[in-house]
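**Q** The structure under discussion is supplied below as structure tokens; questions concerning it will follow.
The values are calculated or read from the model by the stated rules, or taken from the named source; none is laboratory data. The structure displayed is predicted, hence computed values, not measured ones. FYI the Cβ positions are ideal-geometry reconstructions off the backbone, even for glycines, and counts take in every protein chain you see.
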Amino acid sequence: MFGDDQYPLEKLNGLKVAALSAIAVPESFETALESFGATLVYRRRFADHHRFSQQEIIDTLNEAEAAGAEALLTTEKDAVRFPYMERRNLPLLYMRVEIEMLSGEEAFMKWISRICFKQAQRAS
């Protein structure tokens, strides 16, 4: 997680993982991991927007390892709130989310431009 390595989602297939999240609907993240073939052996959920302490991550890593996890996975949103960890018994990975607009992109961009332009005018 603290490096630049990227892995295809196929890497999750058959991997025993621990899911750590602090999002509004953690079930969606966990279901996504399982849909890519991961076996969830441990789950730890915090309230949305939780700021992780180093001790919470250490505890989670220890509990995940005891449950047989081969990696600890979190969301990209949560990963940015992790403290730096020197000691990692398990790989710490996060799932990136990319959005692709299938329709309505032009209308959406016009709407965003109007909002941003109005905000800029008010600030002047």
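**Q** How about region 71-86: which of its residues are touching a residue at least 12 places away in the same chain (Cβ under 8 Å) and either more than 20 Å from Val97 (Cβ to Cβ) or in a helix (DSSP H, G or I) (or both)?
**A** Answer for region 71-86, where residues must be touching a residue at least 12 places away in the same chain (Cβ under 8 Å) and either more than 20 Å from Val97 (Cβ to Cβ) or in a helix (DSSP H, G or I) (or both): Glu76, Lys77, Asp78, Ala79, Pro83, Tyr84, Met85.
**Q** For region 13-46, which positions are under 14 Å from the mean Cα position of the chain (by Cα) and either assigned to a helix (DSSP H, G or I) or surrounded by fewer than 16 Cβ atoms within 10 Å (Cβ to Cβ) (or both)?
**A** Ala24, Val25, Pro26, Glu27, Ser28, Phe29, Glu30, Thr31, Ala32, Leu33, Arg45
**Q** Another question, if that's okay. Would you please list the contacts, defined by Cβ atoms under 7 Å and residues six or more apart or on different chains, that run from a residue in region 39-51 that is more than 8 Å from Val17 (Cβ to Cβ) to a residue that is surrounded by fewer than 17 Cβ atoms within 10 Å (Cβ to Cβ) and modelled with pLDDT under 95?
**A** The qualifying pairs are Asp48/Ala24; Arg51/Arg81.
**Q** Pick from Glu65, Glu86: which is among the acidic types (Asp, Glu) and more than 28 Å from Asn13 (Cβ to Cβ)?
**A** Among Glu65, Glu86, only Glu86 is among the acidic types (Asp, Glu) and more than 28 Å from Asn13 (Cβ to Cβ).
**Q** Before we move on, is Glu10 modelled with pLDDT of 95 or more, among the acidic types (Asp, Glu), farther than 22 Å from Tyr84 by Cβ and exposed (fewer than 15 other Cβ atoms within 10 Å of the Cβ)? It would help to see each step written out before you state the result.
**A** Values: modelled with pLDDT of 95 or more: no; among the acidic types (Asp, Glu): yes; farther than 22 Å from Tyr84 by Cβ: yes; exposed (fewer than 15 other Cβ atoms within 10 Å of the Cβ): yes.
Answer is no for this residue.
**Q** Now, a different point. Which numbered condition trips up Pro83, out of (1) at pLDDT 85 or above; (2) out of contact with any helix residue (DSSP H, G or I) (no Cβ under 9 Å at 6 or more places or on another chain)?
**A** For Pro83, the exception is condition (2).
**Q** Can you spot a residue in region 57-70 that is within 13 Å of the chain's Cα centre (by Cα) and either of a type in the set (Ser, Thr, Tyr) or outside any strand (DSSP E or B) (or both)? Step through it out loud before you land on a result.
**A** Kept after step one, since they are within 13 Å of the chain's Cα centre (by Cα), are these residues of region 57-70: none.
No, that holds for no residue.
**Q** Restricted to region 65-106, and to residues that are surrounded by 12 or more Cβ atoms within 10 Å (Cβ to Cβ) and aromatic (Phe, Trp, Tyr), which residue is nearest to Leu40 (Cα to Cα)?
**A** Looking at the filtered set, the residue picked out is Tyr94.
**Q** Please find, among Ala66, Ala19, Ala38, the residue that is farther than 24 Å from Ile99 by Cβ and either modelled with pLDDT of 95 or more or not hydrophobic (A, V, I, L, M, F, W, C) (or both).
**A** Numbers: Ala19 fails: farther than 24 Å from Ile99 by Cβ; Ala38 fails: farther than 24 Å from Ile99 by Cβ.
Exactly one residue qualifies, and that residue is Ala66.
**Q** Can you list residue pairs whose Cβ atoms sit under 8 Å apart, with the first residue in region 20-38 being more than 10 Å from Thr75 (Cβ to Cβ) and the second being at pLDDT 95 or above and of a type in the set (Lys, Arg)? Count only pairs 6 or more apart in sequence or on different chains.
**A** As it stands, the answer is Glu30/Arg43; Ala38/Lys16, since those pairs meet every condition given.
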